[in-house]
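Dropping a structure here in structure tokens format, bear with me for questions.
The values are calculated or read from the model by the stated rules, or taken from the named source; none is laboratory data. Note that the structure is predicted; figures quoted are calculated from it, not measured. Here Cβ is always computed from backbone atoms with ideal geometry, including for glycine, and neighbour counts include all displayed protein chains. To get the accessible areas, we keep the full protein, side chains included, count just its heavy atoms, and leave off ligands, DNA and RNA. Shrake-Rupley method; radii C 1.70, N 1.55, O 1.52, S 1.80 Å.
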Amino acid sequence: MTDVLSKKHANLDYSLSAIEFYSQVLSIEQLFSYGYRHFHKITGLKKSAIFALEEESYVLKECVGYDIKKDFYPCDSKLENIATLCGTTLCENKNQYFKEDFLKKYNAEIIIPLIVKDTLAGFILTETLPDICSEKYHLEYIEGMKNLFNMSLSNAYDREKFDFLKADIDKKVYNLILVNQCTRLIMAERCLDRLYALCIDVIRELTSSSVTTFGIYDTLKEAGVVKGYVDILCSEKKVIKEFKMKKSRLINEKTIYNVKIDKELLSEIIEDTSALESLGAEYIVFIAQEEILGFVTIGKPVNESPYDYLILNQAESIAKSIYIAMKNAIYIKEINQNREKIENQIKGMKKLNLMIKNINSCNSIDEIYDITLETLRLGYKMKRGFILIKTKDNYKIKPIGYNADRKINLMPKFNINEESIYFSHGSENIKNYFDIEDYKGDENCIIICPIKTEELSSEKENIYGYIVITQIEDSVDEKNILIIETISNSISPIIRQMEEKEKKTEGMIKDSRFMFYRAIEEFTFMKKEYDMDFKVYYKIFRPLPFTRISLENYDYENIYCYDNVIMVISLGDEEIIKDDFDGFVTGETGSEIEKNIIKNISI
């Protein structure tokens, strides 16, 4: 009796020790090693072995009293039922779950299940119970120790799961921060060429890809064009420059394709998917929302670990940012091009306006031609050419870029009455129209623009001469043609006016209405060509009989006076002192302006 009590007291001490031991923070590995040894000791088992669930079988982790190094027991549906249908220590009913040959190998009489929630995480088997107290008492004692072990094991699995989730969340947070920084970097780039290079670096750093390609979709070629390629393992490899594409839109909004697995889907977009294999691609990420702007290919990772969903999601997120950045860069490029175009137009208009101001101050037709040639040379970089001036019986030439004494004769093909503008690239056609003395072929174009006006009464055109350009600094384009034509249209009415003025006697009064009409035509032309609005300010006078209207107090450039009305044509309100006038009107012809003034007076 005394021995039994002492053993019970010892078991009580062991129980307290077990509670203290299994209350510690232990890992799964520690429990299947140190925890098992402690369990074997405090339960007084002579022989025992512990098995742990690994993938599809239970593997022998440690044993005491058995001469077995390695062993396993396959996982089946019977063992899975232990955790849900039984849960207690197996004695007589162990044969329902375990095979006979396995039990005989260990001479196992008792199976102690190690359960985590609804899963059999492992089990301990032993031969017989130690010779203490009663069998019933010792089974209860082992059941209590098993519960402590299972509790500690459940906590260890929960901690492992928590640590895994925490690491996964930390990784996701880190990836989000990384993607956010990369996105900000990409979105800040406005130059397309630098953006292409930056995208390769960003994708390569995010994915650890050994081979990375960046390309764009060329709508004219209907092909994917490679803009950048980086192979950190082989820098001298030759790669394809482009590959044909069947579609310019996504299939089912899918942006990431595995080159091998999704080969059939890719074949609906790309004519020859082997082109991607030649680029060393494992994945292709399309930069698109609906229409495809470009693509990124990802090769084998440097660390040789397969790409997980996080990395692919990162690549997809970056691809969406690249799409927005490319759209922004394209828009900004268009805006800059349009701004540059507008700035050039404004510069051209300022030069043209300055020339018109100078022309308006000319006292002779020859002076007009001289200013025109200098404007073409200095303002518009026309290096060589001349003005062909029709005279009563022949023609005369005023050159630019040619010596004044160099002879330039007309060829039979040149029609002295040609009314339309002619231009040609290169110098081959110059000899067809002109015979230039000591011609060396340095010219790069020929532009022949008539200087003409229309007779309103007969709809017949009067040609005063031609502006001929044979060499310009840049290539011939629509802008050059428009400039020359505009200059021609600007000087032709003034030339006509001067010719008519010269025909009039000194006592004749200058025809202000005609000049006003012509000026309106010029400003209307400038409005249509350069989108510059103009206004006509007017002042109505009712002078006393035998008195004249004086213009001395009106210091304006484009001022006209007839029928007791002073009119000033202005391109901007900043030049006008509005108190000097009764109001302003707009229109596209002189007669329309007059009608609008009459309407304002009647109101």
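Compute the angle between helix 192-207 and the longest alpha-carbon principal axis of the chain, please, reported from 0 to 90 degrees and rounded to the nearest 10.
Approximately 0 degrees, to the nearest 10.
With a 1.4 Å probe and every protein chain kept in, tell me what percent of the accessible surface of the chain is carbon plus sulfur.
Roughly 50 percent of what the probe reaches on the chain is carbon or sulfur.
A further question on this structure: Mind checking the log10 I(q)/I(0) for the range 47-117 at q = 0.13 Å⁻¹? Debye, one equal scatterer per Cα, no solvent, two decimals.
-0.35
Quick one: divide the alpha-carbon radius of gyration of the range 150-208 by 2.2 N^0.38 Å and tell me what you get. Spell out each step's value before the answer.
Numbers: Rg = 18.9 Å, N = 59, 2.2 N^0.38 = 10.4 Å.
Expressed relative to 2.2 N^0.38 Å, the Cα Rg reads 1.83.
What number does the range 106-265 give for Rg over Rh if you use C-alpha atoms and the Kirkwood radius? Don't skip to the end; give the middle numbers.
Details: Rg = 29.9 Å, Rh = 22.4 Å.
My calculation puts Rg/Rh at 1.34.
Considering Cα pairs under 8 angstrom that are at least six residues apart, work out the relative contact order of the chain and quote it in whole percent. If you can, show how the numbers build up before the last one.
Numbers: 852 pairs, mean separation 41.5, N = 603.
Worked out over the chain, it gives 7 percent.
Once Lys and Arg get +1 and Asp and Glu get -1 on their Cβ, which of I436, L310, G65 lies farthest toward the positive end of the dipole of the chain?
With unit charges placed on the Cβ atoms, the residue in question is G65.
Relative to the first principal axis of the alpha-carbon coordinates of the chain, what is the inclination of helix 2-22, with its axis defined by its Cα atoms, in degrees from 0 to 90 and to the nearest 10?
That works out to roughly 10 degrees.
Positive end of the charge dipole of the range 251-410 (Lys, Arg +1 and Asp, Glu -1 on Cβ, about the Cα centre): tell me which of S278, I251, I408 has its Cα farthest that way.
I408
Taking K327 as the anchor, which aspartates and glutamates have their alpha carbon closer than 15 Å to its alpha carbon, excluding any fewer than eight residues away along the same chain?
K327 reaches E189, D193, D218, E290, E291.
On average, how much accessible surface per residue is there in the range 198-310, in Å², for a 1.4 Å probe, leaving out ligands, DNA and RNA?
I get 53 Å² per residue for the range 198-310.
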